[in-house]
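S.K.: Have a look at this one.
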Amino acid sequence: MDRGVSNPCYTCRNRRIQCDQSGIPCDKCKKAGLECFDKRPFRWVKGVAIRGKMQGRTFENTNLSSLVAEDESTTAVNAKRTLMRTAVARRKRFDSTDNERICQLFIVYDTDRNPFRSLIPLGLKDPVLLKALLALAARHHVNKGQSFHEPGSPTSPQLANANRHALAFKYQAMEALSHSLKDTELSKSDTTVASIFLLIFLDLLESGSDGWNFHLEGAKKLIASTCPQPDSQTCINQGPGQTVKEIRAFITKQIKMIETLGATFLRPKLLSHFTTFDQQELQLQETIEASFLGCPEYLLTAMQCLSMQRDSMSGSNSLDQTAMDTLLKETTSLLDMVRNFDCYAWVSGLQQSRPPSPREIISLCTLSRSYKIGTLLYGRRIEDAVTGNVTVLDDMVAELLGLIDSLQNDRVMFKCVLWPIFVAGLECQWPPQRVFLIGCMEKFWDITSCLNAVNAARILQDYWRQVDATGQAQSLWIFDIGRLGRDWLWI
């Protein structure tokens with residue numbers, strides 16, 4: 001694909017060789033095995049700032065409060081350079097180099113219509129959103145230098161210094177957000193909601209627990225108090241510049257997705273119910289180019305209803321026989337709806353800016369089917385809890401494992417499949433299956449650098465040891481997994 005500009009790449013200029021300007025990356029960078037940058041890349045340096053009075057100073061001689069006050073101008077300069085570089089839309093195939101970029105990480109397909117790219121220009125004008133974006137990028141940079149098997153505190157001086165920078169950006173983001181929430185006008189800003197939304201993803205990078213649900217509840221309250229019903233007639237701008245209204249609609253839909261998938265493994269009734277669009281409107285607006293995980297809205301709605309069924313059995317008061325009969329009827333009906341969901345018809349009906357290739361159609365069908373089978377497993381265990389049975393679901397588990405395995409060579413899709421992997425892990429009883437799934441967690445980590453994958457592997461291994469040692473019924477995981485002392489998000 002043509003570069004579209006006449007300037008040579010920064011990498012070739014820095015090497016003092018003539019760039020062939022063949023594309024992004026250029027042929028000379030590809031041949032040399034180097035990352036091809038359009039402009040000077042963001043770099044981590046020793047100390048808080050590159051120049052000025054903070055040059056060379058680190059957290060050993062600078063506390064966080066003084067950093068926020070004194071380093072504002074340096075942060076703004078570096079941030080603008082970083083964000084402008086990230087904002088360059090690169091229309092090329094997904095590979096390991098591109099995966100290092102946050103805009104491509106939290107979306108299925110990175111296109112000109114990627115809502116995350118639309119947040120970047122807004123961040124240049126809004127300090128809260130700017131600091132949230134920087135905190136996200138900084139933490140991802142640190143995680144890239146760590147191992148799946150030993151992801152603790154960074155050991156090298158460079159990563160340790162980068163880690164301090166990441167903590168500083170997070171501190172600045174939280175302090176700026178706190179200030180905005182105290183201001184009546186700022187708290188209603190779309191960029192404030194967007195900043196809270198980004199902090200949920202920061203929690204995925206940091207651990208996947210003990211933060212995302214609080215940010216989620218805060219974002220839901222702000223949206224409910226300030227956002228009118230989304231307009232189904234909103235037009236889509238072409239190119240990278242989407243409207244603030246479209247960004248708000250995107251955030252609202254992704255919050256519904258996070259709430260739904262998060263609730264499946266949380267303690268019952270921990271999250272408040274978030275009502276957004278009606279189901280018909282969601283179906284009409286569904287597009288894979290503005291989706292974080294590619295999980296069909298239809299299945300998300302079914303999951304939400306199933307979670308409510310589970311919660312109704314978790315109260316302090318036991319249900320009478322009439323209530324249990326009603327619960328069983330509703331659960332069975334939900335499962336029939338999920339079974340009848342046509343993954344191919346869903347893919348065919350998606351709104352896309354270009355016709356999908358046959359390979360993309362197959363991958364999207366496989367991804368959606370992995371969520372369908374995961375939802376069926378979840379629903380069958382709720383049905384078992386109602387009837388008191390323990391259904392053997394080995395065939396369904398084997399099918400889910402096969403779907404996950406078939407996605408392993410597709411890095412774009414595999415970064416979306418952590419929830420189905422975790423569901424499969426809760427059902428697996430045989431050592432080879434468990435070894436395979438831990439390998440899948442490691443691959444997910446390699447692609448995303450999200451620490452929630454490391455913690456998901458640890459939680460599964462602890463759960464397997466507990467099940468094997470006590471001989472407890474493995475079908476009870478719909479209740480047990482939410483009682484681990486922390487609130488985990490497996491997405």
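No lab work stands behind these numbers, since they all come straight from the coordinates. Please read these numbers as outputs of a predicted model, since none were measured by experiment. Positions of Cβ are backbone-derived with ideal geometry, glycine not excepted, and every protein chain shown enters the neighbour counts.
S.K.: Provide the gained length on full extension for the span GLN352 to ARG465, in nm with one decimal, where the gain is 0.36 nm per separating residue minus the Cα-Cα distance.
M.R.: Working: separation 113, 0.36 × 113 = 40.68 nm, distance 4.48 nm.
Length gained, GLN352 through ARG465: 36.2 nm.
S.K.: Starting with the fewest neighbours, write out LYS256, LYS188 ranked by other beta-carbon atoms found within 10 Å of each beta-carbon.
M.R.: LYS188, LYS256
S.K.: While we're on this one: Please arrange TYR109, TYR171 by how many other C-beta atoms lie within 10 Å of their C-beta, fewest to most. Display every interim value, and only then the final one.
M.R.: Values: TYR109 21, TYR171 16.
Going from least to most buried by this count: TYR171, TYR109.
S.K.: When THR287, THR470 are ordered from fewest to most other Cβ atoms inside 10 Å of their Cβ, what list results?
M.R.: Ascending number of Cβ neighbours within 10 Å: THR470, THR287.
S.K.: At q = 0.08, 0.12, 0.15 Å⁻¹, work out log10 I(q)/I(0) for segment 294-491 with the Debye formula, treating every Cα as an identical point scatterer and leaving solvent out; two decimals please.
M.R.: -0.28, -0.63, -0.97
S.K.: Could you tell me which residue out of ALA424, SER348, LEU334 lies farthest along the dipole of segment 294-491 toward its positive end? Charges go on the beta carbon: Lys and Arg +1, Asp and Glu -1, centred on the Cα centre.
M.R.: SER348
S.K.: Once the Cβ-Cβ distance between ASP27 and LEU270 is put in as r, and R0 is 56 Å, what FRET efficiency do you end up with, to the nearest 0.05?
M.R.: Details: r = 53 Å, r/R0 = 0.95.
The pair ASP27/LEU270 has a calculated efficiency of 0.60.
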